[in-house]
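All of the numbers you see were taken from the coordinates with simple rules; none came from a lab. Owing to the predicted nature of the structure, the values given are computational and were not obtained by experimental measurement. Quick reminder, even Gly has a Cβ in these numbers, built from the backbone with ideal geometry, and neighbours come from all protein chains shown.
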Amino acid sequence: MDELNPAPRLLMGPGPVNADPRVLRAMSMPLLGQFDAEFTGYMNDVMALLRRLFQTQNEWALLVNGTARAGIEAALVSLLEPGDRVLVPIFGRFGHLLCEIARRCGADVQSIETEWGTVFDPQQIETAIQQHRPSVVAVVHGDTSTTMAQPLDGLGAICRHYDALLYVDATATLGGMTVPVDAWQLDIVSAGLQKCLSGPSGSAPITFNDRVVKAIERRRHIEQGIKPEGFVPAAGLPIQSNYFDLAMLMDYWSPQRLNHHTEASSMLYAARECARLVLREGLDACFERHALASRAMTTGLQAMGLELFGDQRHKMANVTGVVVPPGVQGDAIRHSLLEDFGIEIGTSFGPLHGRIWRIGAMGYACRKQNVLLCLGALEAALRQQGFPLGSGAAVDAAMQVYRDAGS
């Protein structure tokens, strides 16, 4: 075998995206022992940075080693005991994923569904909470399968009124859209690095408040071999995963440094740099950069005569759904973009597979040059298939959006 030499790609799909070179450089830094004071200092850095990223005063803001799904599993397996009722509002593929994971926890899963391309009115969710009385409400913030973002402001207050914990999967939105954990009263939120945070997949930031800590403490057990002398386990059922046990992860990230696993050092470096770069840019500036790219992308696509998918009032800032025009072979266009231009865009899942393209502009890839390159390449690929359109309209329209914004 030859050495690795991946082809250069511009990743303009729903994620993963191109990692910031500064993040890749951080990952190449020398490894340290996991209890080296310098390394535990970096762990403390990560906690402080994540609190600011999540806009929270929570004591607990840490990393779960694994992809974004690891954060989802850690949240749900640590909260849900067999028989606990969970409500999942489904508006895309990843709502179904939350149901899948909750069922594997043995939970009594109740769900409500809306047509893909739409989201829920908070009153619909409150009505379902009144009907099912769940102990946990689990919802996706931005579902990249449909490119829609579920409004969350007010949902935390509703859940607290009915004494339910609110879990939010913010994998696709953290760093690209505001996720003010405290202001929105979100009890537990997890994410990933590979989208708006400009990093590689493999580490899952998570934060949770004292309401969640109280629920977890009722199930606290420590594995034999590291259990401190005199430790008395909680009366509740042990959390059913050792690796995703948030109670033991809290001990590991606390000043106790009670060993749980060997921290993924290079991924911790990556997470630290991802958060540092977003905060250095400024949260509001980062959100506006994503929103501006969204406006430019949608304006350019419409200038080509293409139809945007879904309720545009609730479109995610960092991913755009585009209806594949009649008579156009969607996969052939994606193949042309990849092979001829080195640009990757996505299709979708389930009922939308082959019906829409998903074009992302997030994280490090969320720049004017990339938006213009993607639009120009898509226009050329469509013309090659005989789709009738003029030359340059999309790029011109998108450039005007940037000019109007002073960019």
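If you bin every alpha carbon distance in the stretch 300-407 into 5 Å steps from zero, what whole percent lands in each bin?
Values per bin, smallest distances first: 2, 12, 22, 28, 22, 11, 3, 1.
Only helices at least 27 Å long along their axis, Cα-based, and averaging 0.0 or more on Kyte-Doolittle count here, so list those DSSP H runs from the chain.
283-303
Can you tell me the mean projection area, over all orientations, of the convex hull of the stretch 1-54's alpha carbons? Units nm², please.
Seen from a random direction, the Cα hull of the stretch 1-54 projects 6.5 nm² on average.
DSSP loop trypsin sites (Lys or Arg not before Pro) in the stretch 185-273 with at most 15 other Cβ atoms within 10 Å of their Cβ, which ones?
Passing both the DSSP loop test and the Cβ count: R218, R257.
Specify the inter-centroid distance of the stretch 2-46 and the stretch 229-270, based on alpha-carbon positions, in whole Å.
Each part's Cα centre sits 23 Å from the other's.
Please work out the Cα convex hull volume for the stretch 37-138 and give it in Å³ per residue.
Looking at the stretch 37-138, the number lands at 134 Å³ per residue.
Given the C-alpha atoms of the stretch 156-269, compute the convex hull and give its volume per residue in Å³.
Taking only Cα atoms, the stretch 156-269 has a hull volume of 126 Å³ per residue.
So if the hydrodynamic radius of the chain is defined as the Kirkwood radius over C-alpha pairs, what does Stokes-Einstein give as its diffusion coefficient at 37 °C and 0.692 mPa s, in µm² per second?
Numbers: Rh = 22.1 Å.
The Stokes-Einstein estimate is 148 µm²/s.
Please check the chain for the longest run free of chymotrypsin sites (Phe, Trp or Tyr not before Pro) that are loop-located per DSSP (anything but H, G, I, E, B) and have at most 11 other Cβ atoms within 10 Å.
Between exposed loop sites, the widest span is 36-230.
Whats the longest run of the chain with zero GluC sites (Glu not before Pro) that are DSSP loop and have at most 16 other Cβ atoms within 10 Å?
116-222
Compute the relative contact order of the chain as a whole-number percentage, counting only Cα pairs closer than 8 Å that sit 6 or more residues apart in sequence.
Reported as a whole number, the value is 22 percent.
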